[in-house]
1. Test of understanding: among Gln373, Gln353, Gln416, Gln400, which residue is among the polar types (S, T, N, Q) and within 18 Å of Tyr325 (Cβ to Cβ)?
2. Would you be able to tell me the number of residues in segment 229-258 that are open to solvent by 30 Å² or more (accessible area, probe 1.4 Å) and in contact with a helix residue (DSSP H, G or I) (Cβ under 6 Å, 6 or more places away or on another chain)?
3. For segment 129-149, which residues satisfy the criterion of being over 19 Å from Glu291 (Cβ atoms) and over 16 Å from the mean Cα position of the chain (by Cα)?
4. Of all residues being touching a Lys or Arg at 6+ places or on another chain (Cβ under 9 Å) and in contact (Cβ under 8 Å) with a residue 24 or more places away in the chain in segment 23-44, which is nearest to Val164 (Cα to Cα)? Just the residue, please.
5. Report, ordered by the first and then the second residue, all pairs with beta carbons closer than 9 Å, sequence separation of six or more or different chains, a first member in segment 415-432 that is of a type in the set (Phe, Trp, Tyr), and a second member that is open to solvent by less than 10 Å² (accessible area, probe 1.4 Å) and at pLDDT below 95.
6. Given the conditions (1) in a helix (DSSP H, G or I); (2) open to solvent by less than 10 Å² (accessible area, probe 1.4 Å), and given that Thr123 satisfies all but one, which numbered condition is not satisfied?
7. Of all the strands (runs of 3 or more DSSP E) wholly in segment 235-285, which have at least 2 residues that are in contact with a Gly (Cβ under 9 Å, 6 or more places away or on another chain)?
8. I'd like to know if segment 222-230 contains one or more residues that are assigned to a loop (DSSP other than H, G, I, E, B) and touching a residue at least 60 places away in the same chain (Cβ under 8 Å).
Amino acid sequence: MKHLTSYKTIFCIGIGGIGMSAIARYFNNNNAKVFGYDRTASKLTQQLELEGISIQTSLDTQHLKPLSPEDTLVIYTAAISQQNELLTYFKSKGFDCYKRARVLGEITKDKPTLAIAGTHGKTTTSAILAHLLFEAQINFTGFLGGVVNNFDSNYISTGCDLFVVEADEFDRSFLYLQPTKACVIAQDPDHLDIYETTEQFNQTFKEFVQLIPDSSHVFLGPQVNLNGINLELNSLGKFTLSNVKVVDEAFQFDFKLNDVELKSVRSNLPGLHNCINSALALALAISEFPEKAEVFAKAISTFKGIKRRFNKVIDTEDLVLIDDYAHHPTEIEAVYQTLKELYPNKRKMVVFQPHLFSRTRDFETDFTSVLKQFDVVALLEVYPAREAPIKGVNSTFLAQKIGNHAKVISKESIYQEVLSSQCEVVAMLGAGDIGVEVSNLTKQLKTNV
């Protein structure tokens, strides 16, 4: 690949994706002319257009003819088919075409880079880390996998002395990175449509941590079995999280990393899993800037979370409506346990949109086990994303496994199902387009109060 500064024009295929849009913002902020394609317009693409990025929703190539192969870089997401008409066009004309992950690796190459990996929690942890660095007035650029409420963006840049990147295991993308330090929050198998076996999945995570020159700069979640330093819960080790409790409706914990000890760190994010995410973010920040430890600890309390990560869309005495991206059994379990802790005596309903036929098939037993804990289970049809249907794998199949308190519903019937459930707590979960339905339901509930 040529040096990135040799490209005057950038074209992003799949620009509406959360990872790609951060890359587009980086180039736009660094004086390149940025164009992009996504098949549907969204709030995110509309925001990118307001920032000066030109976006098309058609596959028409006529207006691409003025672009020059000599100074145009084409970036595409891993989810884009190699048969995509725009990608095929650019390749046939001799344009440089690279995956988003490869370009991210080039952007961060030879610079101090803090990478956050893991099957769950990496978006929240990378966002917390970016917030800590921002509050400590450190020059950095963050490429995040979610829209951070503090900044209303997935891209944060105060300089390029340091990079924060969300290291995505999908399609082995994180192997393009050259991080100086990293954390791995969780290592539960996922994306088995890509990896085929759990052994291959685990091997790729081993290869990722081997990218970091010093294993003492690899911080691991409590259950992660890799070469690095594991976070220990309620122990006397060198990297610990202890005394986790709820104080005045917020979580509080003690933290230790080597000689740095922080007492009564306050977090407004719910659940033990978010205390773990905060501890891993603190570890990366403190390992890089130990003199800022107290500033980082104070900043934890001002982090406002990420859109679609346990967002309380409605929070009244009669109804709590939660919007969350959870789409893996472990993530759903974390949501349920948090709800159980916060609302022990209230009936709980889940509206879940399974994401991918292969994931639904591969984790059928785990999905069944975690979902049946809710008092009422409503399933939308499987969101296919990049996949073709798999015979016999659908939401009806999953509902039958869960039991009589589960049923498959349409998007149009969500409002009536929520009302008839008489549940005081409703969690809407999934990584597909269920977020749109959360907005629709919220409007209906507020209109009909």
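The values are calculated or read from the model by the stated rules, or taken from the named source; none is laboratory data. Please read all numbers here as calculations on a predicted model, not as lab measurements. We place every Cβ from the backbone using ideal geometry, glycine too, and count neighbours over all the protein chains shown. Please note that ligands, DNA and RNA were not included when accessible areas were found on the heavy atoms of the full protein model with its side chains. Shrake-Rupley method; radii C 1.70, N 1.55, O 1.52, S 1.80 Å.
1. It is Gln353.
2. Qualifying residue count for the region: 1.
3. Residue satisfying the conditions is Thr141 alone.
4. Within segment 23-44, the match that is nearest to Val164 (Cα to Cα) is Ile23.
5. Sorted first by the residue in segment 415-432, then by its partner, the pairs are Tyr415/Leu441.
6. Every listed condition holds for Thr123 apart from (2).
7. Here the list reads 250-257.
8. Scanning segment 222-230 turns up at least one residue that is assigned to a loop (DSSP other than H, G, I, E, B) and touching a residue at least 60 places away in the same chain (Cβ under 8 Å).
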